[in-house]
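Enquirer: Below is the structure I would like to discuss, written out as structure tokens.
The values are calculated or read from the model by the stated rules, or taken from the named source; none is laboratory data. All values derive from a computational prediction rather than experimental measurement. Quick reminder, even Gly has a Cβ in these numbers, built from the backbone with ideal geometry, and neighbours come from all protein chains shown.
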Amino acid sequence: MMDPILDLLDRLAREAPPPTARIAYGPAPQQFGDLRLPAGATSQRWPVVIVIHGGYWRARYDLAYFGAVCGALARAGIATWNIEYRRLGDVGGGWPGTFEDVAAAADTLRGLAARYPLDLSRAVALGHSAGGQLAMWLAARSRLASDAPLWRADPLPIHGVVSLAGVADLRRAWELRLSDNVTETLLDGTPTQVPARYASASPYELLPLGVPQIMLHGSADENVPFEISQRYTERARALGDDARLIPLPNAGHFEPVDPATPEWAVVERETLALLGARDAW
């Protein structure tokens with residue numbers, strides 16, 4: 001009998017339109033992204049969403065299931081850069097390789113904008129689950145200390161974040177022992193053993209981000225507890241960030257990434273509003 005979650009992810013992957021281009025950003029097999037552009041010739045540059053899949057940072061899950069979301073955004077007039085990255089189980093995955101890959105993939109957009117009609121002044125990050133953590137981390141990169149291992153000069157500016165059930169607080173995820181305590185595996189240690197890694201990787205500890213943040217989270221999510229987004233949003237707002245939490249009543253973990261659901265309609269509406277896409281049409 002097929003796992004219902006894997007069955008759903010497989011369906012979403014099959015529903016995804018082919019990418020405009022699959023582009024490598026590094027030599028490892030996992031270092032690539034799928035670029036999708038809206039249909040039709042245009043003289044304008046498209047807003048772009050950096051899309052980051054979840055799966056608790058494990059190699060078992062890949063970017064394919066997020067292709068359906070990318071197709072939905074393309075139909076709404078948004079370009080997407082759906083990135084793959086080394087994950088736990090891959091050579092080089094975990095700390096620091098997973099973070100280095102996501103950063104490199106985002107920065108690759110500067111080169112892609114010279115070849116494709118992308119408006120990097122309207123570049124936002126959208127992530128699901130572990131990908132939500134990575135999306136928020138991208139927006140926080142400029143806050144890293146210059147002596148931090150993940151610091152890089154002049155990171156691509158991220159102008160807003162949409163987190164779908166994101167693991168926004170890695171220390172709290174460790175306390176809750178989420179997914180067989182995967183956070184400890186990701187960072188190769190506990191918050192006591194490697195506190196600097198948690199401080200450099202956890203969006204909660206990098207607040208304030210200084211960009212708009214939209215947290216969408218199912219109230220019935222059994223994979224990433226709703227409280228993580230709630231606590232994160234409360235702290236972000238207390239520190240002056242433009243952060244909003246939008247509860248998705250009775251929704252679980254995967255409804256927000258399925259374009260057939262009413263929850264996705266909320267995600268799409270909020271993403272377009274964040275981009276100001278409707279004003280550009």
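Enquirer: Can you tell me which residue in segment 34-69 is nearest to the chain's Cα centre (by Cα), limited to those that are of a type in the set (V, I, T) and more than 21 Å from T185 (Cβ to Cβ)?
Expert: V51
Enquirer: Related question: Give me the pairs: first residue in segment 73-92 and over 20 Å from A13 (Cβ atoms), second residue among the basic types (K, R) and in a loop (DSSP other than H, G, I, E, B), beta-carbon distance under 6 Å, and six or more apart or on different chains, which are they?
Expert: From residues that are over 20 Å from A13 (Cβ atoms), the pairs are G92/R86.
Enquirer: Would you mention how many residues in segment 165-217 are assigned to a loop (DSSP other than H, G, I, E, B) and among the hydroxyl-bearing types (S, T, Y)?
Expert: The number of residues fulfilling the criteria is 3.
Enquirer: Next question. Against the conditions (1) on the phi > 0 side of the Ramachandran plot; (2) at pLDDT below 95; (3) basic (K, R), where does R152 fall short? Just the number, please.
Expert: If we test R152 against (1) on the phi > 0 side of the Ramachandran plot; (2) at pLDDT below 95; (3) basic (K, R), just (1) comes out false.
Enquirer: Still on this structure, please answer the following. What are the residues in segment 73-85 that are surrounded by fewer than 23 Cβ atoms within 10 Å (Cβ to Cβ) and either closer than 26 Å to L6 by Cβ or charged (D, E, K, R) (or both), if any?
Expert: If the condition is that a residue be surrounded by fewer than 23 Cβ atoms within 10 Å (Cβ to Cβ) and either closer than 26 Å to L6 by Cβ or charged (D, E, K, R) (or both), then A74, R75 are the ones that fit.
Enquirer: Which ones in segment 225-267 are assigned to a loop (DSSP other than H, G, I, E, B) and either free of Cβ contacts under 8 Å to residues at least 12 places away in the same chain or buried (at least 23 other Cβ atoms within 10 Å of the Cβ) (or both)?
Expert: Scanning segment 225-267 gives F254, A260, T261.
Enquirer: Given the conditions (1) surrounded by 19 or more Cβ atoms within 10 Å (Cβ to Cβ); (2) out of contact with any Pro (no Cβ under 8 Å at 6 or more places or on another chain), and given that A13 satisfies all but one, which numbered condition is not satisfied?
Expert: Looking at each condition in turn, A13 falls short on (1).
Enquirer: Also, I was wondering about something else. Restricting attention to segment 116-160, report how many residues are farther than 15 Å from V51 by Cβ, of a type outside the set (D, E, K, R) and part of a helix (DSSP H, G or I).
Expert: Of the residues in that region, 2 qualify.
Enquirer: R86: modelled with pLDDT of 95 or more, in contact with an Asp or Glu (Cβ under 8 Å, 6 or more places away or on another chain) and of a type outside the set (D, E), yes or no?
Expert: Yes, satisfied.
Enquirer: Under the condition of being in contact with a strand residue (DSSP E or B) (Cβ under 6 Å, 6 or more places away or on another chain) and of a type in the set (A, V, I, L, M), which residue from segment 203-224 is surrounded by the fewest Cβ atoms within 10 Å (Cβ to Cβ)?
Expert: Among residues in segment 203-224 that are in contact with a strand residue (DSSP E or B) (Cβ under 6 Å, 6 or more places away or on another chain) and of a type in the set (A, V, I, L, M), the one surrounded by the fewest Cβ atoms within 10 Å (Cβ to Cβ) is I214.
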